[in-house]
Amino acid sequence: MRIRLDRTLCDGFGTCARHAPGYFSLDDWGYASLEGDGVVDAADHAGVTRALLDCPAHAIIRMPDAES
Ligand code: SF4
């Protein structure tokens, strides 16, 4: 699973960092940055998927899996 974050859509709700703190960090105003390259470990799918579904701004986007 691979995600990206569209920071132009982020509205600073901070939900993502609560669900998946290893993948999202928040700046002083609560706006999120993606940590790492967007590749999600299998063990973290649940938390990241919750972050994605709960983001009120739909700023977290699931990318098609990389072709192998
Ligand atoms: S949940 Fe969405 S709107 Fe809120 S900080 Fe994260 S990316 Fe931004």
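Which of the residues that make up segment 20-42 are over 9 Å from the mean Cα position of the chain (by Cα), in contact (Cβ under 8 Å) with a residue 24 or more places away in the chain and within 10 Å of the ligand (Cβ to nearest atom)?
If the condition is that a residue be over 9 Å from the mean Cα position of the chain (by Cα), in contact (Cβ under 8 Å) with a residue 24 or more places away in the chain and within 10 Å of the ligand (Cβ to nearest atom), then Tyr31 is the only one that fits.
Considering only segment 43-65, I want to know if a residue exists there that is at positive phi, near the ligand (Cβ under 7 Å from one of its atoms) and not β-branched (Val, Ile, Thr). Talk me through it step by step, then tell me what you get.
Residues of segment 43-65 at positive phi: 58.
Among the residues that remain, those that are also near the ligand (Cβ under 7 Å from one of its atoms) are: none.
For segment 43-65, residues at positive phi, near the ligand (Cβ under 7 Å from one of its atoms) and not β-branched (Val, Ile, Thr): absent.
For segment 8-19, which positions are of a type in the set (Val, Ile, Thr) and within 9 Å of the ligand (Cβ to nearest atom)? Give the steps one after another, and end with the answer.
At the first step, the residues of segment 8-19 found to be of a type in the set (Val, Ile, Thr) are 8, 15.
Once the filter is applied, which keeps residues that are of a type in the set (Val, Ile, Thr) and within 9 Å of the ligand (Cβ to nearest atom), segment 8-19 yields only Thr15.
Out of contact with any helix residue (DSSP H, G or I) (no Cβ under 8 Å at 6 or more places or on another chain), surrounded by fewer than 18 Cβ atoms within 10 Å (Cβ to Cβ) and at pLDDT below 95: is that true of Pro64 in this structure?
Working: out of contact with any helix residue (DSSP H, G or I) (no Cβ under 8 Å at 6 or more places or on another chain): yes; surrounded by fewer than 18 Cβ atoms within 10 Å (Cβ to Cβ): yes; at pLDDT below 95: yes.
Here the answer is yes, as Pro64 does meet what is asked.
Tally the residues that are outside any loop (DSSP other than H, G, I, E, B), in contact with a helix residue (DSSP H, G or I) (Cβ under 8 Å, 6 or more places away or on another chain) and of a type outside the set (A, V, I, L, M, F, W, C), restricting the search to segment 19-57.
Within segment 19-57, residues that are outside any loop (DSSP other than H, G, I, E, B), in contact with a helix residue (DSSP H, G or I) (Cβ under 8 Å, 6 or more places away or on another chain) and of a type outside the set (A, V, I, L, M, F, W, C) number 5.
The values are calculated or read from the model by the stated rules, or taken from the named source; none is laboratory data. The model shown is predicted, which means the values in this text are computed figures rather than measured ones. Using ideal geometry, Cβ is built from the backbone for each residue, glycine included, and neighbour counts are taken over all protein chains shown.
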